[in-house]
1. Can you give the charge dipole size of the chain about its Cα centre, rounded to the nearest 20 debye, using +1 on the beta carbon of Lys and Arg and -1 on the beta carbon of Asp and Glu?
2. Report, to the nearest 10°, how far helix 93-102 tilts away from the longest principal axis of the Cα atoms in the chain, using its own Cα long axis and a range of 0 to 90°.
3. Could you put TRP177, TRP29 in order of accessible surface area, largest first, with the 1.4 Å probe and the full protein assembly present?
4. Based on Cβ point charges of +1 for Lys and Arg and -1 for Asp and Glu, what charge dipole magnitude is obtained for region 60-174 about its Cα centre, in debye rounded to the nearest 20?
5. In the chain, what percent of the accessible surface is made up of carbon and sulfur (1.4 Å probe, ligands and nucleic acids excluded)?
6. Between the helical axis of 141-151 and the dominant principal axis of the chain, each derived from Cα atoms, what acute angle in degrees is found, rounded to the nearest 10?
7. Probe 1.4 Å, all protein chains in place: accessible area of THR2 in Å², nearest 10?
8. Hey, of (1) 31, 22, 17; (2) 27, 23, 17; (3) 35, 21, 18, which did the structure itself give for semi-axes √(5λ) of the Cα gyration tensor in Å when calculated?
Amino acid sequence: MTAQDRWAAALSSWALPQEILAQAHESPWRLPPEAFAAAARAALELPPTPTHERALEALPASGVVVDVGAGAGAASLPLAARASRIVAVDQSSEMLRELLAIAPRSVVVTTVEGTWPEVRPKVEAADVVVCANVAYNVPALDAFVTALTDTARAQVVMELTSSHPQQPLNWLWQHFWGLRRPEVPTAETAVKVVQETVGVEVEVIRWRSRRPRFDPRDPQAIAWVRQRLCLPEARTDELAQLLRSRDPNQETEMVTLVWRGRA
């Protein structure tokens, strides 16, 4: 079995039972644009992450960046001081509107709405391609990575959490639903998929983010977790108590992958 086969099989195990989905009052899959906007604004104010640093090292002055799965721009907007243009790709028009509102005026930003790699033909080659916190949503990671590599002239920089981003909620699924959730895939499998796919050396940088995956002190974060857990509003206080019983300052283990483009 290839790394890609293991990756896809592991992601499929995260599907929710139909009987739980049937009880949900709202979609558990909606991503709140306001939370992504807050993360993008914070990224512009905080010191650069290893992902930003490696992208900046490869980006020539007045270079072009493509950000795949851009969200509100947390991975690409901090590159604006060196870039002349950022091309943001995302399937959410709401996210792209947030990104345009936040983007510094010093850089030209264009947007492409759609999923990757389906919209790859609409995107011209760039000096650097960044892709942050998207991989765990992509079962066909090999095709996704191939399209990233074929778009980058200099370098691809991909960021992801060391474990599935929903893994920190596993104990809550057990508490509320008696449901045991998966522990795989991890970034280790993603690294192997990339290595098998691109056939070049992949640099792996491990680091810790001081930003938690969700802040249990934030009412919006609590609402998002409740929605993700398919819980009704009546369980909000119970959920908030449980979340606050955990360390709100827990760091998140991150992995940044860097490899050569071939555009």
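1. Numbers: 27 positive and 31 negative charges, 52 e Å.
Charge dipole of the chain: 260 debye, to the nearest 20.
2. 60
3. TRP29, TRP177
4. 300
5. Looking at the chain in its full context, I get 49 percent from C and S.
6. 30
7. 60
8. Computed from these coordinates, semi-axes √(5λ) of the Cα gyration tensor in Å corresponds to label (1).
The values are calculated or read from the model by the stated rules, or taken from the named source; none is laboratory data. What you are looking at is a predicted structure, and each value in this text was computed from that prediction instead of being measured. With ideal geometry, Cβ positions are generated from the backbone for all residues, glycine too; neighbour counts draw on all protein chains shown. Ligands, DNA and RNA are excluded from the accessible area calculation, which covers all protein heavy atoms including side chains. Shrake-Rupley method; radii C 1.70, N 1.55, O 1.52, S 1.80 Å.
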